[in-house]
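To keep things clear, I will list the structure first and then write my remarks on it.
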Amino acid sequence: MSHFRFEGREISIRPGQTIAAALAEAGELALRDTRSGAPRGVWCGMGVCQDCLVTIDGEENMRACMVKSAPGLTVTRQAFPGQTAARSIGAKPITAGDLQELTPEILVIGGGAGGLSAALSARFAGADVLLIDERSVAGGQYYKQTAEGAGPPLDRQQREGAALVADVMASGVQIMAPADLWGAYAADLFFVTHNHQTYRIKPRQVILATGAYERPWPVPGWTLPGVMTTGAMQTLWRSSRTLPAKRILVAGNGPLNLQVANELAAGGANIVAVSEAAAGPGLRTLGSGLALALSGPALALEGAKLVLALKGRGIALHWATRLVAVEQGLTGLRATLRNQLGQDIFVEADAIALGYGFSPANEIARALGAEHRHDHDKGHLVCVRTAEMETTVPNVFAVGDGCGLGGAPAARSEGLIAGITAAGRLGRSVNVTALAAANADLKRHRRFQKALWRLFDAPEPGLSLCSADTLVCRCEEVTKAALDAALADGSPSIAEVKRRTRMGMGRCQGRNCGPLLVAHLAETQGRPMDEHAYFAPRGPLKPVAIGDIVSAGKPR
Amino acid sequence: MSLPSDIDVVVIGGGIVGLSTARALSTDGRGVLVIDEGRNAGTNANAGSLHVQMQSRFLRMYPDQIGNLEYSLPLYPRAVGAWQQLARDLKADFELKISGGLMVAEDAAQFAFLKEKAERERALGLDVHMLERNELMAIAPYLGDAIYGAELCVTEGKLNPLLANSALRRAVLAQGVVIATETIVSALEQRDAGYLVSTSRGQVRCKTLVLAAGAGTGALSAHLSVVIPTVAEPLHMNVTEATSPLILHLVQHADRMITLKQLGAGQVVIGGGWPARFEGPQAFPTVEPDSLIGNLSLAQHVVPRLSRLRLIRTWAGVNTTCDGQCVLGALPGHANAFVAVPGDAGYTLGPLVGDMAAAIIAGRDPGFDVRPFSASRFA
Ligand SMILES: Cc1cc2nc3c(=O)[nH]c(=O)nc-3n(C[C@H](O)[C@H](O)[C@H](O)COP(=O)(O)OP(=O)(O)OC[C@H]3O[C@@H](n4cnc5c(N)ncnc54)[C@H](O)[C@@H]3O)c2cc1C
Ligand code: FES
């Protein structure tokens with residue numbers, strides 16, 4: 001078995017493990033210290049939150065959840081702030097014109113369910129397609145694939161994804177991954193950094209398929225190492241076959257939590273409890289249960305199976321409860337679950353998965369000026385699109401969860417529609433039958449999703465579960481009390497709150513705290529929740545090393 | 001919020017100059033209302049560099065204005081002094097540091113240009129020194145191999161504008177000044193020895209009117225038929241994530257557009273006047289990728305260790321340009337109306353210009369011959 005070093009310790013690695021996975025398996029959940037000296041570990045597990053930063057072979061600020069383990073690496077826990085590596089010669093100054101230019105007919109951003117199917121259908125129609133993804137293994141969140149060497153596909157979901165990825169590879173779609181798309185300045189002007197080099201991309205059509213990330217859940221203790229999103233825990237398991245701890249609590253809202261609890265249990269975890277914020281299958285939701293069954297019998301059945309499977313494993317499922325606090329105890333994390341009557345249940349676990357819904361990753365669409373509207377039921381922005389998935393910016397299409405949550409099957413259908421249409425715009429023949437079928441499927445998937453939401457409907461707590469010292473901005477460590485103080489004089493705009501508190505100025509670039517703040521300002525000041533309510537999206541859309549941005553040449 | 005119907009002074013513009021003017025006027029015992037649109041303040045977007053030596057960007061771009069610049073030069077060390085005084089008065093830590101400022105040269109020709117510039121500056125009373133590469137590396141080992149030498153200006157420095165603006169805003173509010181933000185001025189009229197200000201939140205009468213609206217000043221003075229050719233210049237800025245102390249000084253370049261510095265909290269702020277543009281119906285200042293790449297490329301060339309540091313934000317801010325000099329004093333032909341727009345490096349000048357404006361309004365000596373700063377020069 002091979003190893004890397006972490007803080008003087010030998011960490012064993014299994015094939016397919018990320019740095020974060022190998023460290024978690026070795027019991028190392030605290031990966032760095034913040035400015036205030038608080039320990040942090042993996043939160044989002046998908047490259048968004050920037051909380052799992054470590055130093056790898058002297059290079060600071062590497063996301064442990066995104067970097068593959070390799071024998072011989074030296075990984076160190078990062079104190080705040082990090083230390084930049086010494087070097088005496090910078091690259092010769094360049095201009096944007098010196099960057100290599102790529103001119104695919106169709107650029108697809110995001111390699112999840114929506115992006116893969118968009119790329120594939122456009123390619124089938126004969127278009128020249130470039131697909132970009134931040135992760136090295138395509139598949140996105142729903143189809144997240146087992147990393148190479150970690151084992152065979154786990155289930156139907158992964159096999160379906162593997163087949164789709166294989167089809168895309170075989171089709172001749174060009175794939176650039178892992179690659180950070182950090183600049184979106186016009187429908188035909190993008191910048192991407194791949195393998196320490198930056199490219200200017202001038203596509204003729206663009207399909208955005210950027211997916212979603214999980215919402216923050218600001219309660220006391222939510223930033224402790226070991227508390228992570230359900231998606232992060234699922235990635236550890238599904239991609240790296242790693243359980244971050246033995247005793248696991250899963251708390252949240254929505255079916256993903258039930259699925260992940262079962263997966264982890266099947267993988268050998270001791271699921272101490274599952275907490276679901278929705279009221280549970282009672283009379284009130286019977287109607288939506290029925291609608292669910294009618295719109296997608298197979299999936300509805302699978303949902304019921306998830307609940308039964310938990311029962312079968314003897315796992316306690318607490319409906320209508322929410323996680324309201326986490327504390328570091330002597331023997332583990334102590335979580336408090338509270339029901340509607342205010343009664344508390346205390347649970348001890350070594351790791352906690354929190355899955356309280358998603359925010360669409362719409363930064364690129366918004367940076368391009370595509371119109372968005374607030375969807376009251378979904379609680380987030382949705383992208384305004386035509387039936388062909390085109391945004392209000394001509395030649396820019398958007399599909400999947402990034403446009404407003406819709407689920408993977410819908411994303412796949414939307415991808416098909418966008419791919420076929422975009423290729424048609426380039427003069428390629430349009431497969432009318434496939435288009436009609438995709439539209440029919442999409443209708444069904446949307447009906448299903450709608451019913452699903454009604455079933456899992458639960459009140460949004462906003463910041464009401466925070467105590468004075470709960471962090472409302474993880475990155476800049478802004479407490480609820482500091483936010484309250486900033487809001488106490490005048491009715492500051494979101495930009496002014498940002499300047500007063502530094503909320504949104506951190507490494508996640510406001511992805512975690514932005515939506516929270518928008519909702520809070522709407523609640524406390526009556527501000528509208530439209531697209532202008534959010535932090536203005538500006539490049540870089542992901543943090544990128546300066547040397548990489550200005551590198552036009554060969555890889556380092 | 002609703003506006004008071006009557007007040008001693010209305011200051012239009014809540015940037016560094018407007019707030020500083022309001023603070024001084026309220027210390028003098030006047031009732032002050034500050035009205036601000038809440039968009040496009042240079043004060044909110046600037047880099048927090050305290051400039052003293054003549055910026056090479058300015059010398060290159062506007063050679064015809066060098067005379068103006070030299071006339072104003074003695075203001076800059078004083079302006080830094082005003083910032084230090086403000087920090088003491090407010091008992092606020094806004095990471096103000098008189099770290100010294102370096103203007104680097106990459107070859108003998110640039111070094112000679114700086115040497116000549118330093119001689120003129122020294123004659124005007126600035127504390128500047130020329131450093132050969134070996135002397136330079138002793139105090140600034142973070143500079144790259146490409147750097148040949150530098151001019152050091154001892155009194156330059158930096159501060160964190162977000163902290164400074166917040167501290168000033170709180171102090172001004174505590175003194176009883178009313179600040180109306182997100183308020184748009186629609187008309188200005190002279191009425192019975194005073195002024196009527198019409199806004200999106202209603203009308204207010206005042207005895208004294210101060211126009212301190214940065215780039216928006218010209219549009220306001222036009223209501224009173226006074227020409228002030230302020231131009232809004234959108235500029236590009238970058239900031240990295242925090243790192244350990246690396247760059248001690250304010251760093252500029254003799255021949256290229258760059259300012260570089262590290263904030264107390266560890267982030268490196270990179271700017272230097274690269275252009276941005278106005279976009280859309282709201283004329284929102286928007287980043288140009290060419291500026292981002294050019295500016296960063298130069299930054300890692302000057303300080304190679306920046307290469308591995310990640311950029312986390314860029315933004316575009318609106319700078320005010322006019323003719324390099326302050327526009328400061330009575331508004332020609334309008335009793336009890338005044339204007340206060342800082343000259344180049346306006347954030348540095350902000351608190352000083354505010355104090356001077358308040359002195360002029362109170363009939364005190366502003367401590368500098370401000371006649372050349374009169375708006376009558378544009379008539
Ligand atoms: C990107 C950038 C970096 C800079 N870096 C530095 C630096 O490092 N050091 C330095 O010394 N200087 C710097 N500057 C320049 C400096 O920021 C400005 O010169 C300075 O802020 C001017 O202050 P001000 O109060 O006159 O104007 P501003 O700060 O621009 O404030 C004017 C205010 O007036 C308001 N306003 C305008 N019109 C109206 C109206 N009609 N009605 C109501 N309100 C109105 C605006 O909303 C704004 O709040 C920089 C500028 C930019 C853009
Ligand atoms: S949580 Fe990342 S910037 Fe606020």
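Screening the range B:133-192 for strands (runs of 3 or more DSSP E) wholly inside it with 2 or more residues that are surrounded by fewer than 16 Cβ atoms within 10 Å (Cβ to Cβ) returns the ranges B:185-191. I need a count of the residues in the range B:179-218 that are under 30 Å from B:V80 (Cβ atoms) and within 16 Å of ligand 1 (Cβ to nearest atom). Residues in the range B:179-218 being under 30 Å from B:V80 (Cβ atoms) and within 16 Å of ligand 1 (Cβ to nearest atom): 12 in total.
When restricted to residues that are in contact with a Leu (Cβ under 9 Å, 6 or more places away or on another chain), within 14 Å of chain B (Cβ to nearest Cβ) and of a type in the set (D, E), the range A:514-551 contains 2.
May I ask you to say which residue of B:D64, B:D8, B:D36 is charged (D, E, K, R), away from ligand 1 (no atom under 13 Å from the Cβ) and modelled with pLDDT of 95 or more?
Working: B:D64 fails: modelled with pLDDT of 95 or more; B:D36 fails: away from ligand 1 (no atom under 13 Å from the Cβ).
After applying the criteria, what remains is B:D8.
All conditions but one from (1) within 14 Å of chain A (Cβ to nearest Cβ); (2) touching a residue at least 24 places away in the same chain (Cβ under 8 Å); (3) surrounded by 24 or more Cβ atoms within 10 Å (Cβ to Cβ) apply to B:S307; the one that does not is (2).
Can you find a residue that is part of a helix (DSSP H, G or I), more than 16 Å from ligand 2 (Cβ to nearest atom), crowded, with 24+ Cβ neighbours inside 10 Å and not assigned by TED's automatic domain parsing to the domain that holds B:W315 anywhere in the range B:219-227? Let's see the steps before the verdict.
First pass over the range B:219-227, keeping only residues part of a helix (DSSP H, G or I): B:219-222.
Now narrow it down to the ones that are more than 16 Å from ligand 2 (Cβ to nearest atom): B:219-222.
Those left that are additionally crowded, with 24+ Cβ neighbours inside 10 Å: B:221.
After this cut, where a residue has to be not assigned by TED's automatic domain parsing to the domain that holds B:W315 as well, the list is B:221.
Yes: the range B:219-227 contains one or more residues that are part of a helix (DSSP H, G or I), more than 16 Å from ligand 2 (Cβ to nearest atom), crowded, with 24+ Cβ neighbours inside 10 Å and not assigned by TED's automatic domain parsing to the domain that holds B:W315.
Go through the range B:354-375 and count every residue that is surrounded by fewer than 17 Cβ atoms within 10 Å (Cβ to Cβ) and under 24 Å from B:R169 (Cβ atoms). The total comes to 1.
Need a quick list: strands (runs of 3 or more DSSP E) entirely within the range A:1-106 having at least 1 residues that are surrounded by fewer than 18 Cβ atoms within 10 Å (Cβ to Cβ) and modelled with pLDDT of 95 or more.
Values: elements: A:2-6, A:9-13, A:53-56, A:59-63, A:74-77, A:100-102.
Once the strands (runs of 3 or more DSSP E) in the range A:1-106 are filtered for at least 1 residues that are surrounded by fewer than 18 Cβ atoms within 10 Å (Cβ to Cβ) and modelled with pLDDT of 95 or more, what remains is A:2-6, A:9-13, A:74-77, A:100-102.
Close contacts from the range B:72-89, counting a first residue that is under 26 Å from B:S374 (Cα atoms) and not assigned by TED's automatic domain parsing to the domain that holds B:R371 and a second that is of a type in the set (D, E, K, R) and surrounded by fewer than 18 Cβ atoms within 10 Å (Cβ to Cβ), with Cβ to Cβ under 8 Å and a gap of 6+ residues or different chains, come to B:P77/B:D127. A:G510 fulfils the conditions (1) within 13 Å of chain B (Cβ to nearest Cβ); (2) in contact (Cβ under 8 Å) with a residue 60 or more places away in the chain; (3) surrounded by 22 or more Cβ atoms within 10 Å (Cβ to Cβ); (4) within 19 Å of the chain's Cα centre (by Cα) except for a single criterion, (2).
Being among the hydroxyl-bearing types (S, T, Y) and more than 23 Å from A:E105 (Cα to Cα) is the filter here; which residues of the range A:117-165 pass it?
A:Y142, A:Y143, A:T146
Screening the range B:319-355 for residues that are closer than 26 Å to B:N46 by Cα and over 15 Å from the mean Cα position of the chain (by Cα) and picking the one that is farthest from ligand 2 (Cβ to nearest atom) gives B:G329. Against the condition in contact (Cβ under 8 Å) with a residue 60 or more places away in the chain and within 14 Å of another protein chain (Cβ to nearest Cβ), how does A:Q100 come out, does it pass? Yes: the conditions hold for A:Q100. Taken as a whole, the condition of being more than 20 Å from the chain's Cα centre (by Cα), away from ligand 1 (no atom under 16 Å from the Cβ) and assigned to a loop (DSSP other than H, G, I, E, B) does not apply to A:P492.
A count restricted to the range B:200-250 and to residues that are within 14 Å of chain A (Cβ to nearest Cβ) and farther than 22 Å from B:W315 by Cα stands at 4.
Taking the criterion of being more than 7 Å from chain A (Cβ to nearest Cβ), part of a helix (DSSP H, G or I) and small (G, A, S), the only residue of the range B:277-299 that qualifies is B:S291.
In the range A:304-349, the residue that is surrounded by the most Cβ atoms within 10 Å (Cβ to Cβ) out of those that are in a strand (DSSP E or B) and of a type in the set (V, I, T) is A:V326.
May I ask you to say which residue of A:A485, A:A451 is more than 14 Å from every other protein chain (Cβ to nearest Cβ) and away from ligand 1 (no atom under 16 Å from the Cβ)?
Values: A:A485 fails: more than 14 Å from every other protein chain (Cβ to nearest Cβ).
Just one listed residue meets the conditions, A:A451.
Taking the range A:370-392 on its own, how many of its residues are in a loop (DSSP other than H, G, I, E, B), surrounded by fewer than 18 Cβ atoms within 10 Å (Cβ to Cβ) and more than 18 Å from the chain's Cα centre (by Cα)? Final tally of qualifying residues: 8.
Restricting the search to the range B:86-100, which residues are among the acidic types (D, E) and either surrounded by 18 or more Cβ atoms within 10 Å (Cβ to Cβ) or assigned to a loop (DSSP other than H, G, I, E, B) (or both)?
Taking the range B:86-100 as the starting set, the residues that turn out to be among the acidic types (D, E) are B:89, B:93, B:95.
Within the range B:86-100, B:D93, B:E95 qualify.
Evaluating A:G161 against the criteria (1) in contact with an Asp or Glu (Cβ under 6 Å, 6 or more places away or on another chain); (2) modelled with pLDDT under 95 leaves one unmet condition, (1). In the set (1) within 16 Å of ligand 1 (Cβ to nearest atom); (2) at pLDDT 95 or above, the condition left unmet by A:L517 is number (1). Listed by first and then second residue, the pairs with beta-carbon distance under 9 Å, at least 6 apart or on different chains, first residue in the range B:311-329 and more than 14 Å from every other protein chain (Cβ to nearest Cβ), second part of a strand (DSSP E or B) and hydroxyl-bearing (S, T, Y), form an empty list.
The values are calculated or read from the model by the stated rules, or taken from the named source; none is laboratory data. Computed from a prediction, not measured in an experiment: that's the story for all the values here. Note: ideal-geometry Cβ built from the backbone for every residue, glycine included; neighbour counts use all protein chains shown.
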